[in-house]
1. Report the full-extension gain for the segment residue 37 to residue 52: residue separation times 0.36 nm, less the Cα-Cα distance, to one decimal in nm.
2. Using only Cα atoms, tell me the angle between helix 25-36 and the longest principal axis of the chain; keep it within 0 to 90° and round to the nearest 10.
3. Given points 7 Å out from each Cα along the Cα-Cβ axis, report the residue 61 to residue 25 separation in nanometres with one decimal.
4. Taking only Cα atoms, what is the 0 to 90° angle, nearest 10, from helix 44-56's long axis to the longest principal axis of the chain?
5. Could you work out how far helix 59-78 tilts from the main Cα principal axis of the chain, as a 0 to 90 degree angle to the nearest 10?
């Protein structure tokens, strides 16, 4: 997976190598191409196992719930 720089994604998934974080359009496209073509300095199978472990642990569910809470709070403040 490739993400733009979103602090929560970078802190939870980017810094441990589960998500490639890209700052520019060229970086994003390059990272996506490397992942699709499975090129780079990583073992795709090992990476996929680590991603599966992280998702099974509920970390994504917790992150999603926090994001939705922030969206709801922001919406309520504006309207």
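No value in this document is a laboratory result; all are computed from the given coordinates. Predicted model only: the values in this text are computed from it and were never measured. Note that we place each Cβ from the backbone using ideal geometry, even for glycine, and neighbour counts take in every protein chain shown.
1. Details: separation 15, 0.36 × 15 = 5.40 nm, distance 1.98 nm.
Length gained, residue 37 through residue 52: 3.4 nm.
2. Its long axis makes an angle of about 60 degrees.
3. Rounded to a tenth, the inter-label distance reads 3.9 nm.
4. 20 degrees
5. Roughly 40 degrees, rounded to the nearest 10.
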